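As structure tokens, the structure follows; a few thoughts come after it.
The values are calculated or read from the model by the stated rules, or taken from the named source; none is laboratory data. Predicted model, so just to flag it, every value in this text is computed and none were measured. Ideal geometry is used to build each Cβ from the backbone, glycine not excepted, and the neighbour counts take in all protein chains shown. These area figures cover heavy atoms from the full protein model, side chains too; ligands, DNA and RNA do not enter into them. Shrake-Rupley method; radii C 1.70, N 1.55, O 1.52, S 1.80 Å.
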Amino acid sequence: MKIKNAFQIFFKNYNLVLKVALTQLIIIAIFIGLGSLLINDMVVDVSTGLVQYGVVDNVDALIGEILSGDFSAERFIALFTELRQSIQIWSADVDFFYQKLTLSGFLVFVAFMLLTYCLNFYTVPFNQNVSDFMSTSAKIPFFWRFFKSFGISAKTQLLYIAIPFLLDIFILFGILGLYTTLLSILGLWGLIIAALLLLVMISLRKTLFAFWIPAMVINEMPVRASLREGVKTVTDGFGRVFWRILLVTLFTYSLIAVLLFGMVNLIMLIVVMFLVLHNELFVSTVCMVEYYRQSNFGYYIDKMKAVDGDGQTTVNIEIPDIDEEDYF
């Protein structure tokens, strides 16, 4: 039932999804524009060398071997040897090769972290708008809220990069290591098990921090205090919140897997990115509904329907004032 309520609230505020998607496109466009202006000759030389000396092809072959569902340690070692040899040939032809490669890698890493930092600025204003709708059935302009909450969003994303995002990176590499060392012998089933484990672990991480932003938005708490409060509050209903997040995540990424299995092109990749954004925003809505439920707060599903603190749905019927003389 709570998933159904979150679903209705999400689509009653679907214009927010489109506005968040627009902000994402604008941020990506700004990064591409600035990158084209600031990129230096060294980075261009390194990126050209990656293609010219076959490094990209060798890395692509390694990834293909890992994801093939028919992983072979012997083939992996052979492909890795080819990759190492191509890098050695490349390094022999370029002065100060390793210094340039290290600095270019560092610049790419910084750009990636900055992009991740900026792309998540929607989190606080989106949750504020959802909470406003649930508490008053009002709809506040998203872009006004986006700029108004810029300061708190900046602090929130710093902490997000420091804890949840790094946890996601550790989970990703941990599952990759588990697959290459153990699960690969199972072939395609090993790949499926690894993918499911990854989704389960990411869902556990999301559950751990599920009430961080709701606690900040509803109780108007500082960033770190709301993180502590959110983690403490979610422990009472951890299993319930986890299963809801896992259900949404499994559905979304199963759909993505089906789409990518059928066709991979630029349009399909854009569709996949849009689905991933839908997943993140819907999970945020589910977390907000669960926080209201656990705090025994009533909330609106739409202007005519609300849920009280006991979880009972009520219907609000607005009867207009009628002057008796006009009526008769």
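Brief remarks on what is shown
- Dividing the helix sum by the residues of the chain, where each DSSP H run of 4 or more adds -39500 (n - 2.57), gives a mean residue ellipticity at 222 nm of -25500 deg cm²/dmol.
- Between the beta carbons of Q85 and L247, assuming R0 = 45 Å, the FRET efficiency works out to 0.45 to the nearest 0.05.
- Heavy atoms of the protein chains alone define the surface here; on that basis the chain has 58 Å² accessible area per residue at 1.4 Å probe size.
- Computing P(r) over Cα pairs in 20 Å bins from 0, in percent directly from the structure and comparing it against (1) 31, 62, 7; (2) 28, 53, 11, 6, 1, 0; (3) 24, 51, 21, 3, 1 singles out (3).
- Using a probe radius of 1.4 angstrom, the carbon and sulfur fraction of the accessible surface of the stretch 201-287 is 73%.
- Applying a threshold of 24 Å to the alpha-carbon distances of K139/K232; K206/K305; K4/K206; K232/K305; K19/K155 flags K139/K232; K206/K305; K232/K305 as lying beyond it.
- Converting the Cα gyration tensor eigenvalues of the stretch 113-229 into ellipsoid dimensions via √(5λ) gives semi-axes, longest first, of 35, 15, 13 Å.
- Taking T48, T181, T233 and ordering them by how much accessible surface each has at a 1.4 Å probe, largest first, produces T181, T48, T233.
- Solvent-accessible surface (1.4 Å probe) assigned to M221 amounts to roughly 50 Å².
- Using C-alpha pairs below 8 Å separated by at least 6 residues, the relative contact order for the chain is 21 percent.
- Screening the chain for DSSP H helices whose Cα atoms reach 27 Å or more along their own axis and whose mean Kyte hydropathy is at least 1.0 gives 14-38, 97-119, 188-208, 238-262, 266-294.
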